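The values are calculated or read from the model by the stated rules, or taken from the named source; none is laboratory data. Here the structure is a predicted model, which means the values were calculated and not measured. A quick note on method: Cβ atoms are made from the backbone with ideal geometry, for glycine too, and the neighbour counts reach across all protein chains shown. Just the protein is used for accessible areas: all its heavy atoms, side chains included, with ligands, DNA and RNA removed. Shrake-Rupley method; radii C 1.70, N 1.55, O 1.52, S 1.80 Å.
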Amino acid sequence: MSSADLTSERDLPPEREVSAKGDLAPERDGPRDTGLDDASLHRWLARTWRTPPGIIGALSSVDHKVIARRYLITAFLFLCLGGLNAVAMRVQLSGPQRGLIGPDLYNQLFTMHGVTMMFLFAVPIVQATGIYLVPLMVGTRNIAFPRLTAFSYWVYVSGGIFAWVSFALSMAPDVGWFAYVPLSGPEYSPGKRADVWAQMITYTEVSSLSVAVATIVTVLKQRAPGMSLDKIPLYVWALLVTSFVIVFAMPAVMITSTFLILDRLVGTHIFNQAEGGDALLFQHLFWFFGHPEVYIIFLPATGMVSSIIPAFARRPAFGHLGLVLSLIAVGFLSFGLWVHHMFATGLPKLGASFFTASSMMIAIPNGVQIFCWLATLWDGRPVIRTPLLFVFGFFFIFVIGGLTGVMLASVPLDLQVHDTYFVVAHFHYVLIGGSVFPLLAAAYFWFPKITGRMMSERLGRWHFWLALIGFNAAFFPMHIVGLWGMPRRVYTYPAELDWGNINLFITAGAVLFFLSFVLFTFNLVHGALRGAPAGDNPWDAGTLEWATSSPPPSYNFARIPVVTNVEPLWAEREALPVATGLRVDVRELVISTVAEAHPDIREKSATPSIWPLLAAIAVGGTFLYSIFTPWAIVWGVGPIAITLIGWFWPKDDPEDEE
């Protein structure tokens, strides 16, 4: 691209700087968007960027929006399954000594509930929103490494199906979502249930890592011209920090599960204390992943809140730089907290004091974020709509969860309530308040962009109040019953303890909370089929995803926008300046510099391919068979190699050209 192709040269480097890169393609290499009228440009781009028709075409799609929609629907289905698990458990606990569910099935239920919510819903759905929104918000036409992103979805969905088929066959893990040793070791968990946990975790986390890498590259190298670091939307910053946390945290749990499967299948003794192993090492590795996992879920949610509040407060976010630094600080500090899950293991007092201090310290950047959000609302002209209601719910619930988190960071109190329902109440306040409520706000906020239609405002308000009341009725009393000493992970309790009435009340709240999601599902379906047309920007928001049509076309933007402000649609209300010069007969993207987002080179984006699906089948088959024999890893090398060769083999497409 040369500066001569630009209709606006603001925030772009001088011509000599661009041409010095030496990456300019000659004009004769194909038709460009320069000079094409809108109708002709649409025809060219729609043909170039379309997903091929038919089943094979659908399975080959590398459109980030198609992949993200599949992720969102799949994660929502897993949420429903995990929610049904929870309702079944609560019905069992609604009275003392109920015989509806036996101990073996109850162990599988709470394990599958935790595994589903943490690995199959919470992380995938926040990454899915990033797959959909990040390319739109940074002004590019597709995510980086789209075939890798397609591969990640097939890995994710097959891993989830594998876990739930094992549950249907009564082979589901029954050792908790954390699968501590020695309980999950070969001595105390014969059979294949713990093997299913270990291999499912390793396999599905490949998916998370793939999406994280694609997100990092998209944000750092594919931003629209002019979108320097200080103009990146806060939601994109949140996804960028989250992706780095994933890259550093996820390998820890993959190593943990791999060590466990080696102990169980190969006969190593990594965690076997009797043979010189270290059982406590399992907890260190698991929680080195496990606590950042909380922030992997929470940080994107804060990015959503930072996008929603300015749109409804009618002013840019207060303290943009402070919010960005808070995100980075939370991501960094999240790696210094893991031992506060292990106070009961008898750690030295000095070490426990250090992790107590770091656990309390993370409240500071979170407090800065809450202050900035409140200041934005205070200084704005808030318009109360359903997305903002869920943000208010997030404030209320997350602050309670944060306060009990500070309490649990104190060693004496932590030892007192360890493994009681107080802890269950705390992490549900943090995870549902800090993630699910912002996700619901985001669903109402971006649903019009994804579908082109509005959800019902009236049903949305009913949904909010049902969810808020049901959630607090279900989880606040757990603090009390936890302080009374009720342990978690028990399938029943004696009548003499007098916990029956409060557990019945908790179950009623849980059912109400579940019904709120039934109403939400109805609103989703009703909105998609019969909702009012949304228009391109129904909230009059300021970020780039609202600059294109609703739903966006396959190529996202007919011409790549040039960014001059952190809220570009508010700064350029008449018309966005755009950059031109990309070929329209092949999938081309603008690659920009990391800091200033100067347009650097043009790069090809991958075309649809069936090979990511075939590679996922080969990898999944290898992981599945490895539950029964470690030799599956050797036998699986061939199919995996064949599919990867097919994936990367040059096919004389224009996208293979240098």
Task: Complete set of residues in the stretch 373-406 that are closer than 20 Å to Phe332 by Cα and more than 23 Å from the chain's Cα centre (by Cα) - done: Val406
Open item on the list: Every residue in the stretch 209-262 that is touching a Pro at 6+ places or on another chain (Cβ under 9 Å) and part of a loop (DSSP other than H, G, I, E, B), please.
Closed with: Gln222, Ala224, Pro225, Gly226, Met227
TODO: Could you tell me whether any residue of the stretch 458-475 is open to solvent by 40 Å² or more (accessible area, probe 1.4 Å), not in a helix (DSSP H, G or I) and not aromatic (Phe, Trp, Tyr)?
DONE: no
TODO: Find all pairs meeting these conditions: Cβ atoms under 6 angstrom apart; at least six residues apart or on different chains; first residue within the stretch 210-236 and under 23 Å from Val305 (Cβ atoms) and among the small types (Gly, Ala, Ser); second residue at pLDDT 95 or above and assigned to a helix (DSSP H, G or I).
DONE: Ala212/Ser243; Ala212/Ile246; Ala212/Val247
- [ ] Would you please name the residue that is farthest from His64 (Cα to Cα), looking only at residues in the stretch 545-581 that are of a type in the set (Phe, Trp, Tyr) and not in a loop (DSSP other than H, G, I, E, B)?
- [x] Trp570
Task: Any hit, the stretch 219-236, residues being open to solvent by less than 10 Å² (accessible area, probe 1.4 Å) and among the charged types (D, E, K, R) - done: yes
TODO: Among the residues of the stretch 223-246, write down those that are at negative phi and in contact with a strand residue (DSSP E or B) (Cβ under 9 Å, 6 or more places away or on another chain).
DONE: Arg223, Ala224, Pro225, Met227
Open item on the list: Of everything in the stretch 336-358, what is within 18 Å of Leu285 (Cβ to Cβ) and either among the hydrophobic types (A, V, I, L, M, F, W, C) or touching a residue at least 60 places away in the same chain (Cβ under 8 Å) (or both)? Give them in sequence order.
Closed with: Leu337, Trp338, Val339, His340, Met342, Phe343, Ala344, Thr345, Leu347, Phe355
Open item on the list: Please go through (1) within 24 Å of the chain's Cα centre (by Cα); (2) open to solvent by less than 20 Å² (accessible area, probe 1.4 Å); (3) not hydrophobic (A, V, I, L, M, F, W, C) for Pro551 and return the number of the only condition it doesn't satisfy.
Closed with: (2)
Open item on the list: So, Phe390, is that one out of contact with any Ser or Thr (no Cβ under 8 Å at 6 or more places or on another chain), open to solvent by 10 Å² or more (accessible area, probe 1.4 Å) and part of a helix (DSSP H, G or I) or not?
Closed with: no
Task: Members of the stretch 531-584 found to be in contact (Cβ under 8 Å) with a residue 24 or more places away in the chain and of a type in the set (D, E, K, R), listed by number - done: Asp540, Glu545, Arg559, Glu567, Arg583
TODO: Collect the residues in the stretch 514-537 that are closer than 30 Å to Phe557 by Cβ, of a type in the set (A, V, I, L, M, F, W, C) and surrounded by 14 or more Cβ atoms within 10 Å (Cβ to Cβ), keeping them in residue-number order.
DONE: Leu524, Ala528, Ala534
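Please find, among Leu183, Leu148, Leu169, Leu133, the residue that is surrounded by fewer than 24 Cβ atoms within 10 Å (Cβ to Cβ) and out of contact with any Ser or Thr (no Cβ under 8 Å at 6 or more places or on another chain).
Details: Leu183 fails: out of contact with any Ser or Thr (no Cβ under 8 Å at 6 or more places or on another chain); Leu148 fails: out of contact with any Ser or Thr (no Cβ under 8 Å at 6 or more places or on another chain); Leu133 fails: surrounded by fewer than 24 Cβ atoms within 10 Å (Cβ to Cβ).
That would be Leu169, the only listed residue that is surrounded by fewer than 24 Cβ atoms within 10 Å (Cβ to Cβ) and out of contact with any Ser or Thr (no Cβ under 8 Å at 6 or more places or on another chain).
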Open item on the list: Considering only the stretch 274-295, I want to know if a residue exists there that is of a type in the set (Val, Ile, Thr) and closer than 23 Å to Ala442 by Cβ.
Closed with: yes
Task: Meets criteria (under 18 Å from Ala252 (Cα atoms), modelled with pLDDT of 90 or more and in a helix (DSSP H, G or I)) for Trp197 - done: yes
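One line per residue, one yes/no per condition, for (1) at pLDDT 95 or above; (2) touching a Cys at 6+ places or on another chain (Cβ under 9 Å); (3) among the hydroxyl-bearing types (Ser, Thr, Tyr); (4) not in a helix (DSSP H, G or I):
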| site | (1), (2), (3), (4) |
| --- | --- |
| Ser8 | no, no, yes, yes |
| Asp23 | no, no, no, yes |
| Pro52 | no, no, no, yes |
| Tyr71 | yes, no, yes, no |
| Ala75 | yes, no, no, no |
| Gln92 | yes, no, no, no |
Open item on the list: Can you find, within the stretch 476-513, the residue that is modelled with the lowest pLDDT among those that are open to solvent by 60 Å² or more (accessible area, probe 1.4 Å) and part of a loop (DSSP other than H, G, I, E, B)?
Closed with: Arg489
